[in-house]
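Visitor: Can you read through this structure? Questions will come right after.
Here, each number is a calculation from the coordinates, and none is a lab measurement. Note that the structure is predicted; figures quoted are calculated from it, not measured. Here the Cβ positions follow ideal geometry from the backbone for every residue, glycine too, while neighbour counts run over all protein chains shown.
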Amino acid sequence: MPQRSDEQLMRDYARGDVQAFEALFRRHGQKIYNLFLRFSGDPQLAEDLLQECFLRVIEARDRYRSENAFDRWLITIAINLLRDHHRRSRRRNEKTMSEEPVAPDAGNPAGTNPQLDLERRYLQDAVQKALLSLPAEQREVILLSKYYGFSFAEIADMLNITPAAAKQKAYRGMLSLRKKLAYLKEQDT
Amino acid sequence: MNCEQVQQQLAVAVLDPSQALPEQDLTAHLERCDICRSALQEWTAVGQALQELPERPVPPAARRAVLQHAHQAVSPAANSVWAWLREWLLDWRNPMLPIFMGLLTTSVFALVLAMHMDLSLLPPLGLTLAGAMWTGLFAVVFYLFSVGMRQREHSWRFLAQTALVAIGIFFVITVFSPLPHAVRFCSNFSLTQPLMERLSIGGAYFVFGVLYSLVPMAIGAFVAAGRYAQHPVLRSSMAGGVFMLLLAPAIFLQCAPFALGVVLGWFGGAMLGALVGGVLGYWARHRLVRQSIEMYLFL
Ligand SMILES: [Zn+2]
């Protein structure tokens, strides 16, 4: 049987096919979770937002129009959730983002060389911290293009800005990252 | 093409390869420009560093919760009355839920009080007013809790959850041994009798008032402090204040037949117990958590 498209799966779920939803979650759940995780550096928050995001998908199943690409629609929901959260935590003037971002530990498949593992974790930690230090709108653009492979045109569409503005935000963000991660290059050589 | 443009292009091409400059333009520029050549190296390093962030799998609990919700939303049973009721009761966004919960808790607590005393001795108007006020207070605290849950306002959730857990425990204790009974029992018990005689009746109510709110508040703050870690003394005291608001009607109802000294003694004791208990529970939770983390790290 040919694989159903995301849009088809969403339509099938709206008609009561729960397995269609499970397939959608398998395809997109992890990506969205990691978007939240990289954006916030806070696993607990990422988990909450992931649930909230898919609850919105479930609630909107009858309103979803398949002319809209599912993955972009999903990302738009996720971005809105992140912005809501960001706005609220700023209003409360609280530091809700983890002070110590958790170095993600799922990605060292070999794990044979402890020294290498330690260096990698250190690097991951540095990258996560550098990302967290960016303004939210730069972080959004960088995460969406680097990890989700969206073009600037697509990102601009999702974020309701012009492609030039998206590019500009990406460039600004990359400049700060370069400054913050400059020492990594010196260590390499 | 100037350096500024080249560097901008190099940076965005790290993210979106479709933005890369035509090969020959770039090579031509890089051959004669040291600055852009070293910039290229740096951008490549940033790109590689970003590549290092690994993917984490979705935590199983979150996956279960989402899939379960997806299931419930489309299952045929979703249309039954029972499912509707369950949905209604479990939805934090439901504005009627706090009012319903306020009514429910007030009724249950009134029943608990009625187990031990004859509420009909009180004037009906006063009783009705007390009931209405209590329902309102509970509704407000449940509303605070629902907003805290749904908007991740952890400080609100902490205030409301601490007070609700504490008042629940207070009433569980009251089912088995209401405070006036405990005072009376100790006054007649041979071991405690001399001590109780030295305390006046007001003093006895004060001491028991402390105990009867310190223990519930300590447990309440311990339970609620999990995800909350700011301003321990201030927030625990505020939670104690919320608890006192919920407790006050219970004190006045149970004290109605007694003198003013009893009311003041109990009230003052409860206040002190609530403050100390809240801070204690909060401290215990964070202290324990920190210690267990340290154990994990060093063992
Ligand atoms: Zn140049």
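Visitor: Could you check the spin-label model distance between residue B:51 and residue A:122? Points 7 Å from the Cα along Cα→Cβ, value in nm.
Guide: So the two model labels end up 2.1 nm from each other.
Visitor: Same structure, new question: Figure the gain on full extension for residue A:175 and residue A:59 (residue separation times 0.36 nm, minus the Cα-Cα span) and round it to one decimal in nm.
Guide: 37.8 nm
Visitor: Let me ask another. For the protein assembly as shown, what percent of Cα pairs sit more than 28 Å apart?
Guide: So the pairs more than 28 Å apart make up 65 percent of the total in the protein assembly as shown.
Visitor: Please compute the Kirkwood hydrodynamic radius of segment B:96-298 from all pairs of different C-alpha atoms, in Å with one decimal.
Guide: Taking every pair of different Cα atoms in segment B:96-298, averaging 1/r and inverting gives 17.7 Å.
Visitor: Here's a follow-up. So what is the calculated 222 nm ellipticity per residue for chain B, using -39500 (n - 2.57) for each DSSP H run with n of 4 or more, over all residues, to the nearest 500 deg cm²/dmol?
Guide: That calculation yields -27500 deg cm²/dmol at 222 nm.
Visitor: Also, quick follow-up: Computed over the Cα atoms of segment B:8-85, what is the convex hull's projected area averaged over all directions, in nm²?
Guide: 9.2
Visitor: Here's a follow-up. Apply the Karplus curve 6.51 cos²θ - 1.76 cosθ + 1.60, θ = phi - 60°, to the phi angles in segment A:162-174 and return the couplings in whole Hz, x for Gly and Pro.
Guide: 7, x, 5, 5, 4, 5, 4, 4, 4, 5, 4, x, 5
Visitor: Turning to a different aspect of this structure: Quick check on the exposure proxy: order A:85, B:29 from fewest to most C-beta atoms within 10 angstrom.
Guide: B:29, A:85
Visitor: Right, something else. Quick one: Karplus J couplings for segment B:210-220, per residue in order, coefficients 6.51, -1.76, 1.60, θ = phi - 60°, nearest Hz, x for Gly and Pro?
Guide: Per residue, the Karplus-derived 3J(HN,Hα) values read 4, 4, 6, 10, 5, 5, x, 5, 4, 5, x Hz.
Visitor: Something else: How many partner chain Cβ atoms sit within 10 Å of a residue's Cβ in peptide A:119-130, on average, as a whole number?
Guide: Mean partner-chain Cβ count within 10 Å for A:119-130: 2.
Visitor: Using only the Cα atoms of segment B:99-210, what semi-axes does the equivalent ellipsoid have when each is the square root of 5 times a gyration tensor eigenvalue? Give whole Å, largest first.
Guide: For segment B:99-210, the semi-axes come out at 32, 19, 11 Å.
Visitor: What do the square roots of 5 times the Cα gyration tensor eigenvalues come to for segment B:3-52, in whole Å, largest first, as semi-axes of the equivalent ellipsoid?
Guide: Taking √(5λ) for each eigenvalue gives 18, 13, 8 Å, largest first.
Visitor: Under the Karplus relation 6.51 cos²θ - 1.76 cosθ + 1.60, θ = phi - 60°, what is the ordered set of whole-Hz ³J(HN,Hα) values for segment A:64-80, x standing for Gly and Pro?
Guide: The phi angles translate into 5, 10, 6, 5, 7, 4, 4, 5, 6, 4, 4, 4, 4, 4, 4, 5, 4 Hz.
Visitor: At a Förster distance of 51 Å, what's the computed FRET efficiency of residue B:151 paired with residue A:115, Cβ-Cβ distance as r, to 0.05?
Guide: 0.70
Visitor: Something else now. Stokes-Einstein D for segment B:170-263 at 37 °C, 0.692 mPa s, Kirkwood Rh over Cα pairs, in µm²/s?
Guide: The estimated diffusion coefficient comes to 222 µm²/s.
Visitor: Ok, one more. Are there any GluC sites (Glu not before Pro) in segment A:1-74 that are in a DSSP loop and have at most 15 other Cβ atoms within 10 Å? List them by number.
Guide: A:67
Visitor: What distance in nm separates the two pseudo spin-label positions at residue B:195 and residue A:68, each 7 Å out from Cα along the beta-carbon direction?
Guide: Rounded to a tenth, the inter-label distance reads 6.7 nm.
Visitor: Something else now. Identify the trypsin sites (Lys or Arg not before Pro) of segment A:11-44 meeting these criteria: DSSP loop state and at most 11 other C-beta atoms within 10 Å of the C-beta.
Guide: Within segment A:11-44, the qualifying trypsin sites (Lys or Arg not before Pro) (loop, at most 11 other Cβ atoms within 10 Å) are A:15.
Visitor: Using just the C-alpha positions of segment A:1-97 as equal point scatterers, what log10 of I(q)/I(0) does the Debye formula give at each q in 0.11, 0.13, 0.16, 0.22 1/Å?
Guide: -0.35, -0.48, -0.68, -1.09
Visitor: Which Cys residues of chain B have no other Cys Cβ less than 4.7 Å away and so no disulfide-compatible partner by this rule?
Guide: Cys with no partner Cβ under 4.7 Å: B:3, B:186, B:255.
Visitor: If the cut-off is 24 Å between C-alpha atoms, which lysines fall inside it for residue A:180, apart from same-chain ones fewer than 8 positions away?
Guide: A:95, A:129, A:146, A:167, A:169
Visitor: Per residue of B:62-75, how many C-beta atoms from partner chains lie within 10 Å of its own C-beta, taken as a mean?
Guide: Counting other chains' Cβ atoms within 10 Å and averaging over B:62-75 gives 6.
Visitor: Describe numerically, in nm with one decimal, the distance between label points set 7 Å from Cα along Cα→Cβ at residue B:287 and at residue A:87.
Guide: Rounded to a tenth, the inter-label distance reads 4.2 nm.
Visitor: Continuing with this model, one more query. Considering just Cα atoms, how many Å³ per residue does the convex hull of segment B:1-138 enclose?
Guide: So the per-residue hull volume is 270 Å³.
Visitor: Continuing with the same structure: Given a Förster distance of 22 angstrom, what is the FRET efficiency for residue A:182 paired with residue B:3, based on the Cβ-Cβ distance and rounded to 0.05?
Guide: 0.75
Visitor: Can you tell me what the convex hull of the Cα atoms of segment B:73-139 projects to on average, as an area in nm²?
Guide: Mean projected area for segment B:73-139: 5.9 nm², to one decimal.
Visitor: Per residue of A:169-178, how many C-beta atoms from partner chains lie within 10 Å of its own C-beta, taken as a mean?
Guide: Mean shielding count: 5.
Visitor: Going toward the positive end of the dipole of the protein assembly as shown, with +1 on Lys and Arg Cβ and -1 on Asp and Glu Cβ, which of B:231, A:28, B:266 do you reach last?
Guide: B:266
Visitor: Follow-up. What whole-number volume per residue, in cubic angstrom, does the convex hull of the C-alpha atoms of segment A:128-189 give?
Guide: So the per-residue Cα hull volume is 84 Å³.
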